[in-house]
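First up is the structure itself, then whatever we jot down about it.
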Amino acid sequence: MAKHRAELLVNLVIALALPAAALTAWALGESFYVSLVSRVAILALAGVGLNLALGYGGMVSFGHAAFFGLGAYAAGIFAFHAFDGTPVISWPIQIMGAASMPVGWLAAIVVAGLAALAIGAISLRTSGVYFIMITLAFAQMLYYLAVSIPTYGGADGLILYLRSGFPGLDSSDDLTFFALCYALLMLAIFITWRIAGSRFGMALRGASRNEERLAAVGISPYPIKLVAFCISAMITAVAGALFAELVGFVSPTLMAWKMSGEILIFVILGGVGRLYAPIIGAAIFILLETLIGGITDRWQFVLGLVLLGVVLFARGGVMGALTGRARHV
Amino acid sequence: MSDALLSLRGLNKTFGALKATDDVSLDVASDEIHVIIGPNGAGKSTLIAQVAGALKPDSGSVLLSDEDVTRLGVPARARRGLARTFQVSSLIANFSALANVSLAVQSHQGSSFRLWRSASRDSRLREPAQEALSRVGMAATRCDIPVDELSHGERRQVELAVALALQPRLMLLDEPMAGLGGQDCINMTAVLKRLRGECAILLVEHDMDAVFALADRISVLVYGRVIASGTPQEIRASREVQEAYLGN
Ligand SMILES: Nc1ncnc2c1ncn2[C@@H]1O[C@H](COP(=O)(O)OP(=O)(O)O)[C@@H](O)[C@H]1O
Ligand SMILES: [Mg+2]
């Protein structure tokens, strides 16, 4: 019980740290730092998505950048066509572009959901290191696909000149944009919490721990994992859509294996299967990148050391070090 | 057509040159406890795995209420009323006993795609799970700790409770007494005895006191073959069985 309370407290501190940082930066007139906190929230959201697959379903996806990138492209392409006044697709129905964030999020969710259904359906027939490799392979395929489509800038990427709007809000304002990112992050954590505690979540955890046992009680692990993989991809895709709006730029590198690795790092650093952990992971990552990256290009060496330390000495990530082992169910 | 709940017809399974199941045919009636005995390596676990669907036989068929289930996988057979326990405990380690049993309950209720409502506060899950646990004699105070912190004997009880929670027509129990101490053995035997009539049981067991206390029929498996099958009295009297197995 005491442990449980410690975890709630740590979660609360983590949840409040982001808006506190954003507000402080805003009050000091440092809009760069407001955007930096938005960046943490967005990357954390990508991690929250992966955490559902990795932390609760035991699926070590090394291809979540595919969904991050698809989300970014989905939002970017809608904005691009809105700017152009051309339809996104004209067959079987005509869909016009829209410079609206909710439309971009919805497009990201639909596209990533469908991609995850196809990728997951194939990848989940394997397990262990094969699963890691096959998800990586799919992400690399999408990477090269993005490079080869000249309409959307190919390898150069796609520049978005204006941030898409949100009904009733001024999304170009940095603090407002942060609030949107933060709201989605918290919503995703809430959704993950509900799913993890549901009957489906129980079956998913069961599948990650002991597939043989799950099958023996009559629950097929495959469809359970596939559904979780799709939801996971959809959450990460929304992060991608937000990232496109944050930086005003979409490029194939968002789908590259390095991005997949970074999303994995957020989750592992923070603590696999812990709700708020991806925020810690993303925050540490951005802090190191900003603080040490400003001094030397070798900041990733320090990141490597931190990761090594966490994996060797705090098996539950930073979250595990702060609050002990995850609560059992 | 037969009135058997489970019929195995000419099952064969080889591992390389080893014939682990050799033309096995046997029936289990819907209210009987059918015990399989035989020396280590005789192919008992292999046979159970083929009945459960975890292993595919090379030839032969498995019928459940006259339905050919030979080609169905483990989950599909479990949904048709086949529940099994494993020779080596196989529970979900960081789940509590209650959570382990709840999984079986939700499977039985066909509700594993509910993504929103809390499972841990759901009395439609908790109550049947709790009941299954108390039927196997699990202390209520031990139901909420992770199963990897339970004793070996308790884990065996939980395994049985998981199988019970499926409200199966046939239970496949692979050495449920393995590694249990004297008193735990007696308790487990009593629990199984109380299940008589509720569902059929295909039981693999080494403990001869338990075997003769429980069995309606006994089949003796040696080198993958059924060398004798009959009532406990017949098996006790059989010279062949004495030589092959009991007479040591
Ligand atoms: N997957 C397998 N691959 C190869 N040989 C196996 C396999 N499973 C069991 N065996 C062999 O088949 C024989 C029967 O094993 P098993 O069914 O476990 O016997 P029992 O349960 O009666 O002790 C043993 O000789 C065992 O080594
Ligand atoms: Mg065995």
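The values are calculated or read from the model by the stated rules, or taken from the named source; none is laboratory data. Predicted model only: the values in this text are computed from it and were never measured. Cβ atoms come from the backbone with ideal geometry, glycine included; neighbour counts cover every protein chain shown.
The table below gives the values:
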{"item": "Residue in region B:43-58 that is farthest from ligand 2 (Cβ to nearest atom), counting only those that are farther than 18 Å from B:ARG80 by Cα and touching a Gly at 6+ places or on another chain (Cβ under 7 Å)", "result": "B:GLY43"}
{"item": "So B:GLU159, is it assigned to a helix (DSSP H, G or I) and within 16 Å of ligand 2 (Cβ to nearest atom)", "result": "yes"}
{"item": "Which listed residue is more than 16 Å from ligand 1 (Cβ to nearest atom) and modelled with pLDDT of 95 or more, from B:LEU170, B:LEU195, B:LEU203", "result": "B:LEU170"}
{"item": "Conditions (1) at pLDDT 95 or above; (2) away from ligand 1 (no atom under 13 Å from the Cβ); (3) not β-branched (Val, Ile, Thr); number of the one not met by B:LYS44", "result": "(2)"}
{"item": "Flag for B:LEU5 being more than 15 Å from the chain's Cα centre (by Cα) and either assigned to a strand (DSSP E or B) or within 14 Å of chain A (Cβ to nearest Cβ) (or both)", "result": "no"}
{"item": "All positions within region B:1-42 that are within 14 Å of ligand 2 (Cβ to nearest atom), among the polar types (S, T, N, Q) and in contact (Cβ under 8 Å) with a residue 12 or more places away in the chain", "result": "B:THR21"}
{"item": "Tally of residues being facing chain A (nearest Cβ under 10 Å) and either within 16 Å of ligand 2 (Cβ to nearest atom) or within 11 Å of the chain's Cα centre (by Cα) (or both) across region B:163-177", "result": "3"}
{"item": "Number of positions in region A:274-305 that are under 25 Å from A:PRO19 (Cβ atoms), out of contact with any Phe, Trp or Tyr (no Cβ under 7 Å at 6 or more places or on another chain) and more than 14 Å from chain B (Cβ to nearest Cβ)", "result": "11"}
{"item": "Top-ranked residue in region A:202-220 [being in contact (Cβ under 8 Å) with a residue 40 or more places away in the chain and at the interface with chain B (Cβ under 7 Å from one of its Cβ atoms); ranked as nearest to A:ARG125 (Cα to Cα)]", "result": "A:ARG209"}
{"item": "Matching entry among B:GLY81, B:GLY53, B:GLY73 (being within 26 Å of B:VAL158 (Cα to Cα) and buried (at least 23 other Cβ atoms within 10 Å of the Cβ))", "result": "B:GLY53"}
{"item": "The one condition in (1) of a type in the set (A, V, I, L, M, F, W, C); (2) touching a residue at least 60 places away in the same chain (Cβ under 8 Å); (3) more than 25 Å from B:GLN106 (Cα to Cα); (4) away from ligand 1 (no atom under 15 Å from the Cβ) that B:VAL241 fails to fulfil", "result": "(2)"}
{"item": "Region B:69-105: number of residues that are modelled with pLDDT under 95 and of a type in the set (S, T, N, Q)", "result": "5"}
{"item": "Within region B:181-216, tally of residues that are under 18 Å from B:VAL28 (Cβ atoms), among the charged types (D, E, K, R) and in contact (Cβ under 8 Å) with a residue 12 or more places away in the chain", "result": "4"}
{"item": "Of all residues making up region B:88-99, the number that are within 17 Å of the chain's Cα centre (by Cα) and at the interface with another protein chain (Cβ under 8 Å from one of its Cβ atoms)", "result": "2"}
{"item": "From the options B:SER107, B:SER123, B:SER96, residue that is of a type in the set (Ser, Thr, Tyr), surrounded by fewer than 17 Cβ atoms within 10 Å (Cβ to Cβ) and outside the structural domain of B:ASN12 (by TED's automatic domain parsing)", "result": "B:SER123"}
{"item": "Verdict on A:ILE89 being over 24 Å from A:VAL267 (Cβ atoms) and either among the β-branched types (Val, Ile, Thr) or surrounded by 24 or more Cβ atoms within 10 Å (Cβ to Cβ) (or both)", "result": "yes"}
{"item": "Members of region A:242-251 found to be surrounded by 24 or more Cβ atoms within 10 Å (Cβ to Cβ) and in a helix (DSSP H, G or I), listed by number", "result": "A:LEU242, A:PHE243, A:ALA244, A:GLU245"}
{"item": "Residue that is on the phi > 0 side of the Ramachandran plot, away from every other protein chain (no Cβ under 14 Å) and more than 16 Å from ligand 1 (Cβ to nearest atom), where the choices are B:ASP66, B:ASP31", "result": "B:ASP66"}
